[in-house]
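Remarks on the structure that follows.
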Amino acid sequence: MKTRTALAFAIVLSLGASALSALPATAQSRDALIEALARNPRAVAADPDFVRKMVAPETIRHAPAATFSTHDLRRMATRTVGSAERRQLAAAVEQYQLPSVDMEIYFTYDSAVIDPNAYGSLSTLGQALSDPRLRDQTFLIAGHTDASGSNGYNQQLSERRAWSVKAFLVANFAIDPESLIAVGYGEENLKDRFDPVSGVNRRVQLVNLEVQ
């Protein structure tokens, strides 16, 4: 990962073949981001109790059962998320097909310093998250890397970059810091498992954990 400067943004945690869809990076206007993150009609229609179980799932495929109340999620936003919790979040995201987007965010070489070329995309995101349709909801900011470099290095770098994205949004927009959970996944959830060093794996994902 040391030779790469781009990371993904958002939060879908691809555990195998996930059904989650994400907007292409070229289609991310403020309104497109709001539309993608504000609702998930297919999941809601399939399960009337979707919202409660999304936050406090009774059973989660591929992971131990987990219960996250809104309070739990917001406390999680104030600290580093441990490996067990981040995997439980990933499983819930996959099982409930939570709405998410991918954004290409660039960083200074081998660091978590955001490159000025990424300010425009992050500003658009900040505007979307500040909109009344999204303002009171809780989001996961998940950093992902490709498989080049060591596991430990990639994990730490993805986590620091996720926190950098959160810090930018909180500093520049009226966004509650407890509504953004920054998590690093390193190379755990590759988007393209057949090409572990592909650029598509270097992403930051944003996932809405509390669809209204």
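For the stretch 106-141, filtering for residues that are part of a loop (DSSP other than H, G, I, E, B) and either buried (at least 19 other Cβ atoms within 10 Å of the Cβ) or not aliphatic (A, V, I, L, M) (or both) leaves 14.
What are the residue pairs meeting all of these: first residue in the stretch 114-141, first residue under 17 Å from Glu210 (Cα atoms) and hydroxyl-bearing (Ser, Thr, Tyr), second residue assigned to a loop (DSSP other than H, G, I, E, B) and open to solvent by less than 30 Å² (accessible area, probe 1.4 Å), Cβ atoms under 7 Å, and 6 or more apart or on different chains? From the stretch 114-141, the pairs are Ser130/Ile175; Thr138/Leu209; Thr138/Glu210. The number of residues in the stretch 142-161 being buried (at least 24 other Cβ atoms within 10 Å of the Cβ), within 20 Å of Asp192 (Cα to Cα) and not β-branched (Val, Ile, Thr) comes to 6. Checking each residue in the stretch 186-212 for being within 11 Å of the chain's Cα centre (by Cα) and under 24 Å from His71 (Cβ atoms) picks out Gln205, Leu206, Val207, Asn208, Leu209.
Show the residue pairs meeting these rules: Cβ distance below 7 Å; 6+ apart or different chains; first residue within the stretch 66-84 and over 18 Å from Gly186 (Cβ atoms); second residue open to solvent by 30 Å² or more (accessible area, probe 1.4 Å) and at pLDDT 90 or above. Between residues of the stretch 66-84 that are over 18 Å from Gly186 (Cβ atoms) and residues that are open to solvent by 30 Å² or more (accessible area, probe 1.4 Å) and at pLDDT 90 or above, the close pairs are Arg74/Glu178; Ala77/Pro177; Ala77/Glu178; Thr78/Glu178. Can you confirm whether the stretch 195-204 contains a residue that is free of Cβ contacts under 8 Å to residues at least 24 places away in the same chain and not β-branched (Val, Ile, Thr)? The answer is yes; a qualifying residue exists. Can you name the residue in the stretch 166-212 that is among the polar types (S, T, N, Q) and more than 19 Å from Tyr106 (Cβ to Cβ) and is also modelled with the lowest pLDDT among such residues? Here the answer is Gln212. Taken together, the residues in the stretch 143-187 that are farther than 16 Å from Leu122 by Cβ and of a type in the set (Val, Ile, Thr) amount to 3. Of the residues in the stretch 1-20, not one is at pLDDT below 85, closer than 18 Å to His144 by Cβ, assigned to a helix (DSSP H, G or I) and in contact with a Ser or Thr (Cβ under 7 Å, 6 or more places away or on another chain).
The values are calculated or read from the model by the stated rules, or taken from the named source; none is laboratory data. In this text the structure is predicted, and so the values were computed from the model without any measurement. Note: ideal-geometry Cβ built from the backbone for every residue, glycine included; neighbour counts use all protein chains shown. For the accessible areas, the whole protein counts, side chains as well, though only heavy atoms, and no ligand, DNA or RNA atoms are used. Shrake-Rupley method; radii C 1.70, N 1.55, O 1.52, S 1.80 Å.
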